[in-house]
Amino acid sequence: MLDIKFIRENTETVRKAARDKGEPDFVPGLLEIDDLRRRLQRKADDLRHDQKAVSQEVGNAFKSGNLEEGNKLKARAKELSEKIKGLEEELRKVEGDFGDIMLKIPNLPDPEIPVGGEEANIIVDTWGEAPEFGFKPRDHIDLGDILGILDMERGAKVAGRAFPVLMGDGSRMSRALIALMLDIHRRDGFLEVEPPFLANRNAMIGSAQIPKLEDDMYYIPREELFLIPTSEVPLTNLHAGEILAESDLPIYYAGFSANFRREAGSYGADTRGLLRVHQFDKVELVKFVAPESSGVEHESLREQAEKILKTLELPYRVKLLATGDMSFAAHKIYDLEIWAAGEGKWLEVSSCTSFLDFQSRRANIRFRPKDDGPLRFVHTLNASGVAIPRLLVALWENNQTERGTIVIPEALRPYMGGQKEMRRREVKDKTLQN
RNA sequence: GGAGAGGUGCCGGAGCGGUUGAACGGGACGGUCUUGAAAACCGUUGUGCCCAUCGGGCACCGAGGGUUCGAAUCCCUCCCUCUCCGCCA
C-alpha cells in the first residue's frame, strides 16, 4: 500500500507506475473518493465536537439540579447524536470503498528499472557452464520414470493433475535439499522458522496476495483460511501490527513450508512434470530492515539465494525484471534462473523482491527509531531460497549419465548418507537403500 | 467441543456511565551529581486522521455492533490468551 498523501502529491508518478506495470489505473477514482471521505470526516468531527460539549453541559445541568435546562440540552444533544449516526454510516461506507481501492494501487517500480514487458528484462549476471553431453540428455520426466523417483500419474489419482509424487531417492533428495538450504541460511544469520501452512485473510492482505491473487489460492471456507502460496505470507505477517525497536533490525528469517497454488489458467507452456505444480516445497528468506539499508539488503539477499545454486553447482543467470514483468507489490525484482539440460530451458527458482514499505504499510509493521523520532515503517524483502521442484529438474537433468543414473552433487552427499549416485530402484526389493 | 478467568499504553497493572488519552510502578530517553559508571533526585515519554501560520479538532482501552445526552466502564456477536474437562496425531 502506498501513502495516500504521497498519491495526492505525486499523482502522475503513481499513475505511470500502474501503466508501466500493466495494472489498471484506479487513481482518479481514488482521489475523488478520498476527497469525499475527508469532507465527511471533517463534518462528522465537527458535529462530534459540538455533541461532546453539549453532553458535558447536560451533566453539569443535572448535577446542579437544573432539570428543565438539563432536559432542554439533552434534546439538543439527542438531535446532534442522530445526525452523527447518519453521517457515520455514510462515512463507514465511503471508507470501506476507499480502503478497497487503496489495496489495488500497485507499488512503484524502482526508477532504474527498464520499462516494458518480458522482452525488456535484463540479464545482469550469469554463473557456471551448461553441461555438455555425448548423448541426447533425457528430461526429468523420463529420468523420474526410469529411476522410479517421480510419479505424476499416481499423484493425479490421489489429488489431481500437477500434484507430483516423489519417491525413493527423489523424496530423499528433496528432503536433503531442504536441510542443506536451511543449514546454509542459518549459518549466515537467518533464523530458522517453521510457520503455519494456512493463513487468514488478514495475513493475505498484509503481504499483498489479496486482492490481486485471491483466485490463485486454495481456500477453506469452513475455517476461512487460505493455503499459503509461499511462506512469505506467514513470515512477513509474523510481525504484523508490531512496533519493533530499531535495534531489533535487521531481522532475517528462513522459513520452510509446502506451498499451494491453483495455477488457474496457466495450463499450456512449461507445465510438464515438475515445472509447474499445485504443491511444492520451498525455503523462503524474509528480511525486515531499516529503510536506509534496503537497497544493500536486497543485493545481499540475492547473493544468499545464489549461494544455494553455487553450492549445488548449478549454472544460473540473474535477471532484472522489467516493469511489466514485475509483480503488483514489488519495487524491484531479480529472478534467478537455472539451466535445465533436458528441458533445454532456464527455469526460475527464485524471485528476489524488494518491497520498500509496501507490505509493512498493509501489515502495519513499524519501528521506533533510535533517535526517538516518529515511528517509521520497516522495509521488507524476500527471496526464495530456493524452490525445490525445479531444483530437482535441473539437478537430475544436468547430472545424468548415459546409463540413466544421476550423480549427486558433492555438497548434498552428506545429507544423503554419503550417497553419490541415484540408480534404478529394484521394485521387488522394497528394502533396497542405495 | 464443554466450563471458568481474562484481553487497557513499550512492559506490568488500576480504572463509581460524566474534563480519563487514561492512576501507580517498571522500562526508555534527557538532566543534576560523579574522573567514569551505578545509586539517588528532577523532568520527558501513545498512535492515527482532519483543518491550520501559531494552534486546534476528532478517533482509538482485542474486533465489530448496540443502549445512552454521554461508554475503557452496561448489553450482544466474534476473535485471542490462560486454567480445568473431553477428544485426538
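The values are calculated or read from the model by the stated rules, or taken from the named source; none is laboratory data. Because the structure is a prediction, the values reported are computed rather than measured. Counting neighbours? That spans all protein chains shown, and the Cβs are built from the backbone with ideal geometry, glycine included.
Quick notes on this one:
- Flag if residue A:108 is in contact with a Lys or Arg (Cβ under 8 Å, 6 or more places away or on another chain), within 30 Å of residue A:15 (Cβ to Cβ) and away from RNA strand B (no atom under 13 Å from the Cβ): no
- Restricting region A:404-432 to residues that are surrounded by fewer than 17 Cβ atoms within 10 Å (Cβ to Cβ) and farther than 26 Å from residue A:309 by Cβ leaves a set whose member that is modelled with the highest pLDDT is A:424.
- Selection status of residue A:365, at pLDDT 95 or above, crowded, with 20+ Cβ neighbours inside 10 Å and among the β-branched types (Val, Ile, Thr): no
- Looking across region A:96-105 at every residue that is exposed (fewer than 15 other Cβ atoms within 10 Å of the Cβ) and within 12 Å of RNA strand B (Cβ to nearest atom), the one that is nearest to residue A:47 (Cα to Cα) is identified as A:96.
- Qualifying residue in region A:350-368 (condition: assigned to a loop (DSSP other than H, G, I, E, B), without any contact (Cβ under 8 Å) to a residue 40 or more places away in the chain and assigned by TED's automatic domain parsing to the domain that holds residue A:251): no
- Boolean, residue A:88 is in the same structural domain as residue A:321 (by TED's automatic domain parsing) and either within 9 Å of RNA strand B (Cβ to nearest atom) or under 30 Å from residue A:322 (Cα atoms) (or both): no
- Considering residues of region A:55-73 that are of a type outside the set (Gly, Ala, Ser) and near RNA strand B (Cβ under 6 Å from one of its atoms) only, the residue modelled with the highest pLDDT: A:58
- The residues in region A:276-319 that are of a type outside the set (Val, Ile, Thr), part of a strand (DSSP E or B) and under 28 Å from residue A:374 (Cβ atoms) can be counted, and the count is 2.
- Test: residue in region A:320-330 that is in a strand (DSSP E or B), within 13 Å of the chain's Cα centre (by Cα) and under 24 Å from residue A:111 (Cβ atoms): no
- Residue A:101 being part of a helix (DSSP H, G or I), modelled with pLDDT of 95 or more and among the β-branched types (Val, Ile, Thr): no
- Residue ID - farthest from the chain's Cα centre (by Cα), chosen from residues in region A:82-101 that are basic (Lys, Arg) and over 21 Å from residue A:29 (Cα atoms): A:83
- Residue check for residue A:274: touching a strand residue (DSSP E or B) at 6+ places or on another chain (Cβ under 8 Å), under 28 Å from residue A:24 (Cα atoms) and hydrophobic (A, V, I, L, M, F, W, C): no
- Only one entry in A:247, A:257, A:207 is at pLDDT below 90 and among the polar types (S, T, N, Q), namely A:247.
- Sole exception among (1) in contact with an Asp or Glu (Cβ under 8 Å, 6 or more places away or on another chain); (2) away from RNA strand B (no atom under 16 Å from the Cβ); (3) more than 30 Å from residue A:142 (Cβ to Cβ) for residue A:350, by number: (3)
- Count - residues of region A:25-49 that are over 39 Å from the mean Cα position of the chain (by Cα) and near RNA strand B (Cβ under 8 Å from one of its atoms): 3
- Residues of region A:145-165 that are within 18 Å of residue A:261 (Cα to Cα) and crowded, with 18+ Cβ neighbours inside 10 Å: A:152, A:155, A:162, A:164, A:165.
- Enumeration of residues in region A:294-319 that are under 23 Å from residue A:236 (Cα atoms) and in contact (Cβ under 8 Å) with a residue 60 or more places away in the chain: A:294, A:297, A:298, A:301, A:302, A:304, A:305, A:306, A:307, A:308
- Region A:37-96, residues that are aliphatic (A, V, I, L, M) and within 22 Å of residue A:8 (Cβ to Cβ): A:40, A:44, A:91, A:94
- Any hit, region A:120-135, residues being modelled with pLDDT of 95 or more, more than 23 Å from residue A:233 (Cβ to Cβ), touching a strand residue (DSSP E or B) at 6+ places or on another chain (Cβ under 8 Å) and acidic (Asp, Glu): yes
- Residue within region A:111-123 that is under 30 Å from residue A:407 (Cβ atoms) and either in contact (Cβ under 8 Å) with a residue 60 or more places away in the chain or within 16 Å of RNA strand B (Cβ to nearest atom) (or both) present: yes
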